[in-house]
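Chemist: This is the structure, below, for whatever I ask next.
The values are calculated or read from the model by the stated rules, or taken from the named source; none is laboratory data. Given the structure is predicted, the values throughout are model-derived calculations rather than measurements. When we count neighbours, we look across all protein chains shown, and the Cβ atoms used for this are built from the backbone with ideal geometry, even at glycine.
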């Protein structure tokens with residue numbers, strides 16, 4: 001008998017959903033809006049309704065479904081409880097229990113969206129075929145996820161994989177969103193690149209293509225680097241150095257097979273993986289120098305894939 | 001029926017052995033010499049002989065033994081193979097297979113001694129009662145072990161927990177034994193403290209109790225710190241700062257419930273755990289600030305206890 005599961009990635013505006021049969025590509029993917037009004041009370045019923053409709057249309061019975069995985073943009077306890085998720089308008093919501101109660105009492109597994117996306121890349125994407133992977137998502141901030149033996153390392157406070165807040169950026173001049181100073185994401189993120197480039201322009205008098213732009217972006221900084229611009233060069237080399245060092249540090253803790261690099265900044269091209277691998281090798285403990293640095297493959301779908309992996313995984 | 005297991009910690013001069021019945025204190029512990037001559041070919045037969053004799057004396061049948069765990073002072077593959085262990089005189093030795101073949105074909109589990117000692121502290125010692133623990137052993141070097149969900153995180157090259165080689169000691173002036181510069185153990189270890197204190201004395205002219213001693217030890221440096229000596233103060237505060245920062249970094253990767261601190265340097269007293277907790281809190285991501293810092297409890301027996309835990313653990 002074929003067994004199905006659902007992968008559900010809940011975002012602030014849309015819920016990405018997928019119907020999977022084992023660890024193959026999804027049979028169907030679709031989206032529904034995230035109704036955050038009224039304390040987000042419609043979100044779980046909407047998800048339940050969408051899954052049930054899909055089952056009816058395909059003639060799938062509840063006993064053919066092993067369960068559903070759900071990624072949530074906020075911290076999740078081991079029991080699948082979400083405490084005050086601002087993006088969804090939620091107070092305390094017992095996601096696992098509530099969704100299971102309204103969905104044939106099937107097993108529901110819930111995780112933080114960054115960790116769930118890392119699981120997706122590990123099982124279906126850039127880290128496929130490796131048991132131990134660390135995902136780094138270079139977006140507005142620096143997200144992360146640690147996968148050991150194919151399972152998420154949540155940690156004791158759900159802070160496993162919060163490597164963006166590793167206190168190693170000794171050149172930081174600002175306070176991070178988290179309240180500390182010196183977090184890796186203050187340089188290794190889109191926001192970090194822009195701030196650093198602004199500092200470089202203020203402290204130097206050389207010409208730069210960035211001086212002509214009023215509000216330049218991280219992409220502008222990366223393009224400037226690739227064009228040989230001096231401000232781009234100083235900025236991006238600073239990021240590469242701290243991020244490569246950070247990866248070497250991570251390797252002394254969990255020693256992954258592979259680092260998978262995703263997020264908007266990673267779209268600059270394959271040169272980024274090569275440059276990070278070079279910096280990593282410079283700093284890495286000798287036992288870890290064959291660790292790979294590979295690009296993420298699933299983009300914004302990683303969370304949906306990872307939620308399906310979560311549903312299939314038995315812990 | 002009562003079930004037994006053996007914990008075996010193989011050191012360069014003695015093998016520490018224990019007979020356990022489940023997760024209680026050992027029924028009997030003893031030592032045998034490690035015969036490293038002739039390529040260490042007697043080591044495994046000696047261990048086998050010691051375990052068999054113990055079983056005969058207590059009337060324990062092979063089907064009452066769930067297996068044995070073995071800690072080895074070197075890297076161990078997932079298959080229980082040891083490649084060139086200098087301390088034991090070993091070339092390539094298939095420890096798991098060979099010992100099982102000569103010991104009633106019982107299951108044998110093999111691990112690196114630092115990781116196995118961490119497992120011992122997690123199950124029987126300073127980390128007992130916590131699922132996620134990081135052990136830091138402040139000895140001649142800085143050893144480490146990462147335990148998540150009660151299991152060792154070996155990593156892909158056996159380098160999980162090699163946090164002594166985390167490249168964060170930016171003030172390093174020497175090359176580490178591993179070939180890199182800037183490893184945390186260059187300050188956070190007995191050797192690191194002595195080197196740093198010597199540098200402090202060279203670069204300053206103030207009086208210090210350490211100037212009168214020709215070959216001072218890490219204990220002398222710690223005693224000088226506690227007595228308010230200026231060289232002791234600069235040296236030990238440097239170590240506390242880098243080690244506290246290193247612990248905050250580790251917490252962003254695996255987020256343990258507790259750090260357990262062992263090794264010779266930790267014998268200076270409970271003030272060390274309090275001082276490290278203070279530095280950790282300063283650098284830690286806000287989600288991790290209730291993480292505990294506790295002393296190790298098992299001393300040199302941690303490896304034997306951990307080997308027993310390894311035998312009992314089913315992965």
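Chemist: What number goes with the only condition from (1) more than 25 Å from residue A:170 (Cβ to Cβ); (2) surrounded by fewer than 24 Cβ atoms within 10 Å (Cβ to Cβ); (3) in contact (Cβ under 8 Å) with a residue 60 or more places away in the chain that residue B:171 does not pass?
Modeler: So the condition that residue B:171 fails would be (1).
Chemist: Continuing with the same structure: Kindly establish whether residue B:157 is crowded, with 24+ Cβ neighbours inside 10 Å, within 14 Å of another protein chain (Cβ to nearest Cβ) and under 25 Å from residue A:282 (Cβ atoms).
Modeler: Against the criterion (crowded, with 24+ Cβ neighbours inside 10 Å, within 14 Å of another protein chain (Cβ to nearest Cβ) and under 25 Å from residue A:282 (Cβ atoms)), residue B:157 does not qualify.
Chemist: Here's a follow-up. Suppose we filter the stretch B:32-66 for residues that are surrounded by 15 or more Cβ atoms within 10 Å (Cβ to Cβ) and in a strand (DSSP E or B); how many remain?
Modeler: Result for the stretch B:32-66: 3.
Chemist: Residue A:71 fails exactly one of the following numbered conditions: (1) in a strand (DSSP E or B); (2) within 11 Å of chain B (Cβ to nearest Cβ). What is the number of that condition?
Modeler: The number of the failed condition is (2).
Chemist: Kindly check whether there is at least one residue in the stretch B:146-154 that is surrounded by fewer than 24 Cβ atoms within 10 Å (Cβ to Cβ), facing chain A (nearest Cβ under 8 Å) and more than 14 Å from the chain's Cα centre (by Cα).
Modeler: Scanning the stretch B:146-154, I find no residue that is surrounded by fewer than 24 Cβ atoms within 10 Å (Cβ to Cβ), facing chain A (nearest Cβ under 8 Å) and more than 14 Å from the chain's Cα centre (by Cα), so the answer is no.
Chemist: Mind checking whether some residue in the stretch A:135-149 is free of Cβ contacts under 8 Å to residues at least 12 places away in the same chain and over 15 Å from residue A:307 (Cα atoms)?
Modeler: The answer is no, given that none of the residues of the stretch A:135-149 is free of Cβ contacts under 8 Å to residues at least 12 places away in the same chain and over 15 Å from residue A:307 (Cα atoms).
Chemist: Can you say whether residue A:230 is closer than 30 Å to residue B:159 by Cα, surrounded by fewer than 23 Cβ atoms within 10 Å (Cβ to Cβ), away from chain B (no Cβ under 14 Å) and out of contact with any helix residue (DSSP H, G or I) (no Cβ under 6 Å at 6 or more places or on another chain), as far as the supplied structure shows?
Modeler: For residue A:230, the condition - closer than 30 Å to residue B:159 by Cα, surrounded by fewer than 23 Cβ atoms within 10 Å (Cβ to Cβ), away from chain B (no Cβ under 14 Å) and out of contact with any helix residue (DSSP H, G or I) (no Cβ under 6 Å at 6 or more places or on another chain) - is not met.
Chemist: Something else about it: Could you list all residues from the stretch B:177-204 that are facing another protein chain (nearest Cβ under 10 Å), within 16 Å of residue B:140 (Cα to Cα) and modelled with pLDDT under 95?
Modeler: B:178
Chemist: What tally of residues in the stretch B:243-295 results from selecting those that are within 14 Å of another protein chain (Cβ to nearest Cβ) and in a loop (DSSP other than H, G, I, E, B)?
Modeler: Result for the stretch B:243-295: 8.
Chemist: Any idea which residue in the stretch A:286-312 is surrounded by the most Cβ atoms within 10 Å (Cβ to Cβ), counting only those that are at pLDDT 95 or above and closer than 21 Å to residue B:158 by Cβ?
Modeler: So, considering only residues that are at pLDDT 95 or above and closer than 21 Å to residue B:158 by Cβ, the one surrounded by the most Cβ atoms within 10 Å (Cβ to Cβ) is A:291.
Chemist: Tell me yes or no: at least one residue of the stretch A:96-115 is closer than 29 Å to residue A:27 by Cβ, in contact with a strand residue (DSSP E or B) (Cβ under 6 Å, 6 or more places away or on another chain) and within 12 Å of chain B (Cβ to nearest Cβ).
Modeler: yes
Chemist: I need a count of the residues in the stretch A:273-294 that are under 22 Å from residue A:150 (Cβ atoms) and touching a strand residue (DSSP E or B) at 6+ places or on another chain (Cβ under 6 Å).
Modeler: Number satisfying all stated conditions: 3.
Chemist: Any residue in the stretch B:111-125 that is at pLDDT 95 or above, part of a strand (DSSP E or B) and crowded, with 20+ Cβ neighbours inside 10 Å?
Modeler: Checking the stretch B:111-125: not a single residue is at pLDDT 95 or above, part of a strand (DSSP E or B) and crowded, with 20+ Cβ neighbours inside 10 Å.
Chemist: Return the residues of the stretch B:192-213 that are surrounded by fewer than 20 Cβ atoms within 10 Å (Cβ to Cβ), within 33 Å of the chain's Cα centre (by Cα) and not in a helix (DSSP H, G or I); say none if nothing qualifies.
Modeler: Residue satisfying the conditions is B:213 alone.
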